[in-house]
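See structure below.
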Amino acid sequence: MSEHENHEPPARFSYAVGAGLGLLVGGAIGLFMDHFLIDALFGVAIGLVVAYIVRNIKS
């Protein structure tokens with residue numbers, strides 16, 4: 001076995017999780033504020049940005 005095994009998930013997985021969580025949170029907020037689509041899309045955007053930041057913080 002090599003010394004430097006990469007146990008980090010692929011970037012696509014991280015971005016998909018970020019977008020999915022953002023969609024759930026933004027959509028849930030949007031249901032209560034009667035702006036479901038706008039809030040859900042905004043949540044996806046925030047989720048992607050957070051996933052990008054989290055993936056690149058280690059570098």
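The values are calculated or read from the model by the stated rules, or taken from the named source; none is laboratory data. Small disclaimer: the values here were computed from a predicted structure and weren't measured. Note: areas computed on protein heavy atoms with side chains; ligands, DNA, RNA excluded. Shrake-Rupley method; radii C 1.70, N 1.55, O 1.52, S 1.80 Å.
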Full-stretch length increase - residue 45, residue 7 - with 0.36 nm per residue and alpha-carbon distance subtracted: 11.1 nm
Tilt relative to the chain, helix 36-57 - C-alpha long axis, 0 to 90 degrees, to 10: 20
On Cα atoms only, tilt of 11-33 relative to the major axis of the chain in degrees: 20
Alpha carbon convex hull of the chain, projected area averaged over orientations, nm²: 4.5
Fraction of accessible area attributable to carbon and sulfur, the chain (%, probe 1.4 Å): 73
Candidates 42, 13, 32: whichever shows maximal mean-square fluctuation once the chain is modelled as a Gaussian network with Cα springs under 10 Å: 32
